[in-house]
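Heads up, the thing below is written out as structure tokens.
The values are calculated or read from the model by the stated rules, or taken from the named source; none is laboratory data. All values reported here derive from a predicted model rather than from experimental measurement. Positions of Cβ are backbone-derived with ideal geometry, glycine not excepted, and every protein chain shown enters the neighbour counts. Side chains included, ligands, DNA and RNA excluded: accessible areas come from the protein's heavy atoms. Shrake-Rupley method; radii C 1.70, N 1.55, O 1.52, S 1.80 Å.
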Amino acid sequence: MIKLNNISKRFDKNSVLKNINLEIKDGEKVLITGQNGAGKSTLLKIILGEIIPNSGQVFVNNINPFKDRKKALFHIAFTPQLPPPLKLNLKDICFYAVKTTGSEQKKIDSFAKILNFDLEKEFKKPFYKLSGGMKQKFLIALALARDTEILIFDEPTANLDTVSREIFLNLIKEKFSKNTIITISHRIDEVKNITTKIIEMDLGEICSQKEIE
């Protein structure tokens, strides 16, 4: 379960989040949507402990990510919207992921293959030299290979072609039905099938929450 109590965040004089109260229950599939600048990505970064709010509390499975980020992140796998500018090759990134997260290489290989990404062929290539779609597939494979209860995706299908989008969405629906999933996306119709609740944000506030049957 993820709980946010009265979360507010300012950057200089710009108020990005205003008294956010949100509870995401175990197994919920939440879509967070809204215009650019609504505060969606900042909200995720606060859940991940990357950004400290000016006020309020966050709990990930009763763990405060600001006091024990490593322990909180043990429960979360995250795929960012913007791939990091990593100069390591894919082999080294996989080695690091296996050592630090408890993933298995065979699981990473398996999910990459499902996403039509030939990891073995690209193993020695630096991450930053991959195409946008290849980066996205690789990062998704890394996230799915982790044995975590919570999956967080920031615009996961943005760089994927039509076929890969369908594969990804079907994969989430079929193999991760028991996981708690948080997705940021502007493609509401596309991700509705993996969503049980839509949260709409605007100007740093939650405007509405709607259950999907």
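Pull up segment 172-184, narrow it to residues that are among the hydroxyl-bearing types (Ser, Thr, Tyr) and crowded, with 21+ Cβ neighbours inside 10 Å, then point me to the one that is nearest to residue 20 (Cα to Cα).
Checking each candidate, the answer is 183.
In the set 137, 210, which member is charged (D, E, K, R) and modelled with pLDDT of 95 or more?
Numbers: 210 fails: modelled with pLDDT of 95 or more.
When all the criteria are applied, what remains is 137.
Having 3 or more residues that are within 30 Å of residue 131 (Cα to Cα) is the bar; report the strands (runs of 3 or more DSSP E) wholly within segment 158-213 that clear it.
Working: elements: 180-184, 197-202, 205-211.
Of the strands (runs of 3 or more DSSP E) lying wholly inside segment 158-213, those with at least 3 residues that are within 30 Å of residue 131 (Cα to Cα) span 180-184.
Which one of 78, 11 is among the aromatic types (Phe, Trp, Tyr), loosely packed, with under 14 Cβ neighbours inside 10 Å and either under 22 Å from residue 146 (Cα atoms) or out of contact with any Asp or Glu (no Cβ under 8 Å at 6 or more places or on another chain) (or both)?
Unique residue meeting the criteria: 11.
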Sole exception among (1) part of a strand (DSSP E or B); (2) of a type outside the set (S, T, N, Q); (3) within 15 Å of residue 150 (Cα to Cα); (4) modelled with pLDDT under 95 for residue 45, by number: (1)
Residue ID - least open to solvent (accessible area, probe 1.4 Å), chosen from residues in segment 83-104 that are of a type in the set (A, V, I, L, M, F, W, C) and without any contact (Cβ under 8 Å) to a residue 12 or more places away in the chain: 98
Segment 50-62 - residue that is more than 16 Å from residue 10 (Cβ to Cβ) and more than 18 Å from the chain's Cα centre (by Cα) and, of those, surrounded by the fewest Cβ atoms within 10 Å (Cβ to Cβ): 62
Residue under evaluation residue 23, criteria (1) assigned to a strand (DSSP E or B); (2) surrounded by 13 or more Cβ atoms within 10 Å (Cβ to Cβ), criterion not met: (2)
Sole exception among (1) more than 20 Å from the chain's Cα centre (by Cα); (2) touching a residue at least 24 places away in the same chain (Cβ under 8 Å); (3) exposed (fewer than 13 other Cβ atoms within 10 Å of the Cβ) for residue 119, by number: (3)
Identity of the residue in segment 127-153, of a type outside the set (A, V, I, L, M, F, W, C), open to solvent by 10 Å² or more (accessible area, probe 1.4 Å) and not in a loop (DSSP other than H, G, I, E, B), that ends up farthest from residue 42 (Cα to Cα): 129
Pair list, Cβ under 9 Å, 6 or more apart: segment 1-14 residue farther than 28 Å from residue 181 by Cβ, other residue among the β-branched types (Val, Ile, Thr) and part of a strand (DSSP E or B): 10/16
Qualifying residue in segment 29-40 (condition: of a type outside the set (D, E, K, R), more than 20 Å from residue 80 (Cβ to Cβ) and open to solvent by less than 30 Å² (accessible area, probe 1.4 Å)): no
